[in-house]
Structures are given as C-alpha cells and as structure tokens.
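Chemist: One structure is given below, represented as structure tokens, and several questions about it will come after.
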Amino acid sequence: MAECIEQSRVACALGGIYTALAIDRVLPVTHTGPGCLAQAQGIFGRVNGGQSPVPFEESVVPCTDFCNTDVVFGGGEHLRTVVEKAIEYYDADLIIAVDGCTAEIVGDDIEEVADSFEGSRIPVISAKLPGFVGNNLFGHSQILKSIINQFLEPTNEVDPLQVNVFGIVPFYDTFWHGTLERLEELLIAIGLHPNIIYGHRHGIENVKKIPSAGFNLVLAPWVDLDIAEILEKKYGTPYLQFDNVPIGPTETTKFIRTLVEYAHLDQIAAESYIRKNEDRYYYYLNRQQPFIYSCKYVPKDFYFIGSASAAVSITRFMVNDMGSVPLRIYITDNVPKERQEAVRASLYDVELEDKDYEVIFTEDGGLAEAELRKEHESRSVIFGSNWDMLTARALECAFIPVCAPYGQTLLGTKNYFGYEGGIDLFSDYYGEISVNPQVAFIG
Ligand code: SF4
C-alpha cells in the first residue's frame, strides 16, 4: 500500500451502497457518520458524469448520523429505530442496513438488528462496509454477498439460456448504465436471456431470478469472480469469464464467438450479426478518414491511469483496432495481490510484438502525475479520470476521460461498449486530437 494516497479514484467501502442504489427500489440505511456518504458521492455522484441514483438519491438515504452517544452507549437501538421509520415511510422492495467504521469499531451488531425485522413489510438484510477494511470494490462485493446469503431463495427451475451479468460495477464504472443496456440488446440478439440486476427497470424480480440462470457471465479481469464462485458453490451455476467489456470489432466479435461456443448458440445467426455490425463499424470509420488525414500528427502511443477493468478494455481496443501502443499503465483500484498476475496477463494479451510497457499497481494517483511530469512522451494521449485532465493539459497531451471521477458533465447513456462503442471512442479520440495544440489540423 502506498504511504500516502493522492488523487483517489476510489471511495471507501461505504461506496458499495451505490451497488444497492443501482438496483431499482433497493434502499440502503446507513449506520455511519453524517459525512460518510458524502465521501462516496464525491467519486460516484455529480462529479462522475452527473450521475444520481433513482429512485433513492443520496439526500433521501436514511442515516443514523452516528455520534458520540452511539460510541459510548452503542448505536444498535438507534439503527433499529431508523430502520423502523424507513419501513414506515419509504416505498421500497428491500432494505439493506449497512455500517461504516465507527459502528464496526464499537461492535454494533447490525446483523441482529436486521434479523429482528423478519416478517416485516419490507425485507431487511445487513452488510458490513467499514472503510478501514477496503475500498468501494470491497463494499460492492459485500453488498452482493449479503443479497446472495441473506435474501436469495434456491430454485429447482433453471433456464439454460438465462445469463446473469456481473463484472460491471454500477456508478464506479462510469459508463455502466449505457453499457448494460447495449449489452442486454446484444445478448438477446444472439439468443440468450440476459438477467441484469442494475439500472432502468431492473429490480428485485431480476435479483430473485439469479439462482435460475444457466450460467453467470463475468465481464471483468477480476471483479465479481468471487461472486461467481459463491454462486457456483451455492447453486451449482457455472460461470464464464470474459476479461473485459469489449470495445470495437476485434474484441466484440471474439466476445460473441466465445458466448456462442460456451452456450451452444446458433452459430449461423451469430455470424450474420457479426458481419452486419462489423460492416457498419467500418462504414462509419471510413466516413471519418478525411478528418483524420487533415490532422498534422496522429499520436502513436498512450498512457492509462485508472481501474483495472477500464484498463483492459481500452488497451485491447487501442492496440488491436487502433494500432496504438501503451507506454505505461497505472492501475489505481487496489487489485488484491492474488488477482494482480491475472490482470497483468490480460493487459499483455494484445496483438503486439514488443510489449515493453510497464503495468504499475498503485492506489496513489499522484504517483502517476509525478512520473508523467518528469518523463513523458510528448504528443501522447492520456486515458484516465478527471484528475488527469490538468496533467494532460500541462503536458500538452490529448486527454480522454474513461474512469471515475469522470468530471462535472452530463453523461446521458454514453458508453463505449461493442461495435457502436468502438465508433464512439474512435470519434472521441480523433475529436480530442484535432483540438490538441500539438497535433491540431493542418492549415
Ligand atoms: S472510511 Fe469509515 S469513517 Fe471514513 S467515510 Fe468511509 S466509512 Fe466513513
């Protein structure tokens, strides 16, 4: 762990409540200090593309406002009262009572509090999210484990074509919402029955369907593998890992063929889908060629600073489809030691002969800035979060935001998933290059 962390791109474990908030009508009740949620909001909310949870935005999430009296006398009864009031006044499908550092340190028994509401109008479960144990990815995992262990019921009915989607962490993956919508369309198009629990119209009914899946899909180099392993043990559901959210034709076509082979889908229909979409991708790229030719200079390499998941997606697209080369990749979301080699292997699994770039695991975003300011290749591109924009501008590098915190702007459904996402990233990339003073237009 770095001695000092600057420019954090993650929240503490309490940020895991955004996973609960991404499931329609799931309400977290926080047993924390009044400022804890604001800390997570600073990474995932307004500064991450103007995102706000629906229907329970941050300002209506009930909180015990853990204070001195709770530290001295214990805050369990205080939490019980707030949960009681939440059941009385809120219209929700599930309540998750979560704690933070102080409640964990004084030893409040939030599991007992949640259990005491058995049979209530709204089911209540609990999740421990102390920030001193881990970051928001740990918190995300804790929320999913609580749902699996305390809420899900086993089933005897299995739909072999149903696929539960994991690996995309809502709100932390800036583009999660649009990505999941496009992914759902693609999975339906190739003959699967996707079950996605986050986002618009995806709520508790989708959560309840998790045990009836034919398989679980993990779209990430390491996140949610623990969840897939638990589901395999508990319900016997096998899982397929594809190590990134595919961007562009090379990776998306590989993704579709992997699914077709794994789930024994209609190969002819899938190949026809691939042909149609690859053709469309290259049609739009060709339309933009004259614009690219008028740039004075096209960067040949890039830096990446951010999450492991985004790093693999961006690196695959930039190398395999754009012919660019990574110079250095900084992974800033504290990948567990035992998963780092797999992430590293994914980042070197590209169509490139000389893979002499470095992959650095550090939580310290300030380290990336310091190193880039000392030695950087001019006319490179930096992919990262809003933290990296000023560095990029100071170094006269082009900059593409791809990670949280994304910046104070409105995202809408923006995402870079699939063939369409490749067209959009291609356009954003050359659009940014064209306004960079080092490489702007000829004449
Ligand atoms: S680290 Fe602990 S005290 Fe700080 S915001 Fe997170 S839960 Fe609250």
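Chemist: Residues in region 153-164: is at least one over 30 Å from ARG344 (Cα atoms), of a type in the set (Val, Ile, Thr) and in contact with a helix residue (DSSP H, G or I) (Cβ under 6 Å, 6 or more places away or on another chain)? First the steps, then the outcome.
Modeler: Let us first name the residues in region 153-164 that are over 30 Å from ARG344 (Cα atoms), namely 153-162.
With of a type in the set (Val, Ile, Thr) added as a condition, the list becomes 155, 158.
Next cut, in contact with a helix residue (DSSP H, G or I) (Cβ under 6 Å, 6 or more places away or on another chain) only: 155, 158.
Within region 153-164, one or more residues are over 30 Å from ARG344 (Cα atoms), of a type in the set (Val, Ile, Thr) and in contact with a helix residue (DSSP H, G or I) (Cβ under 6 Å, 6 or more places away or on another chain).
Chemist: Quick one: which residue in LEU144, LEU186 is touching a residue at least 60 places away in the same chain (Cβ under 8 Å), part of a helix (DSSP H, G or I) and more than 15 Å from PHE417 (Cβ to Cβ)? Let's see the steps before the verdict.
Modeler: Working: LEU186 fails: more than 15 Å from PHE417 (Cβ to Cβ).
After applying the criteria, what remains is LEU144.
Chemist: Check whether at least one residue in region 273-296 is farther than 30 Å from ALA368 by Cα and outside any helix (DSSP H, G or I), and report yes or no.
Modeler: The answer is yes, given that some residue of region 273-296 is farther than 30 Å from ALA368 by Cα and outside any helix (DSSP H, G or I).
Chemist: Output yes when any residue across region 73-86 is crowded, with 19+ Cβ neighbours inside 10 Å, within 13 Å of the ligand (Cβ to nearest atom), outside the structural domain of TYR406 (by TED's automatic domain parsing) and not in a loop (DSSP other than H, G, I, E, B), and no when none is.
Modeler: No: zero hits.
Chemist: Could you check region 109-133 and list, in sequence order, the residues that are in a loop (DSSP other than H, G, I, E, B) and either at positive phi or away from the ligand (no atom under 13 Å from the Cβ) (or both)? Break it down stepwise before answering.
Modeler: Of all residues in region 109-133, those in a loop (DSSP other than H, G, I, E, B) come to 109, 116-123, 129-133.
Result: ASP109, SER116, PHE117, GLU118, GLY119, SER120, ARG121, ILE122, PRO123.
So that you can scan it fast, the table gives a plain yes or no per residue for (1) of a type in the set (A, V, I, L, M, F, W, C); (2) not in a loop (DSSP other than H, G, I, E, B):
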position	(1), (2)
VAL29	yes, yes
PRO34	no, no
GLN39	no, yes
ILE43	yes, yes
GLY50	no, no
PHE56	yes, no
SER59	no, yes
PHE66	yes, no
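Chemist: GLU351 - would you say it is acidic (Asp, Glu) and either over 26 Å from VAL245 (Cβ atoms) or part of a loop (DSSP other than H, G, I, E, B) (or both)?
Modeler: yes
Chemist: Output yes when any residue across region 320-334 is under 27 Å from ASP424 (Cα atoms) and part of a helix (DSSP H, G or I), and no when none is. It would help to see each step written out before you state the result.
Modeler: Applying the first criterion (under 27 Å from ASP424 (Cα atoms)) to region 320-334 yields 320-333.
Among the residues that remain, those that are also part of a helix (DSSP H, G or I) are: 320.
Yes: one or more hits.
Chemist: Scan region 25-42 residue by residue and report those that are touching a residue at least 24 places away in the same chain (Cβ under 8 Å), within 11 Å of the ligand (Cβ to nearest atom) and of a type in the set (A, V, I, L, M, F, W, C).
Modeler: First, the residues of region 25-42 that are touching a residue at least 24 places away in the same chain (Cβ under 8 Å): 25-34, 36-37, 39-40, 42.
Subsequent filtering for residues that are within 11 Å of the ligand (Cβ to nearest atom) retains 30-34, 36-37, 39-40, 42.
Selection gives CYS36, LEU37, ALA40.
The values are calculated or read from the model by the stated rules, or taken from the named source; none is laboratory data. On a predicted model such as this, the values are computed, not experimentally measured, just so you know. No Cβ is skipped: glycine too gets one built from the backbone with ideal geometry, and neighbour counts run over all protein chains shown.
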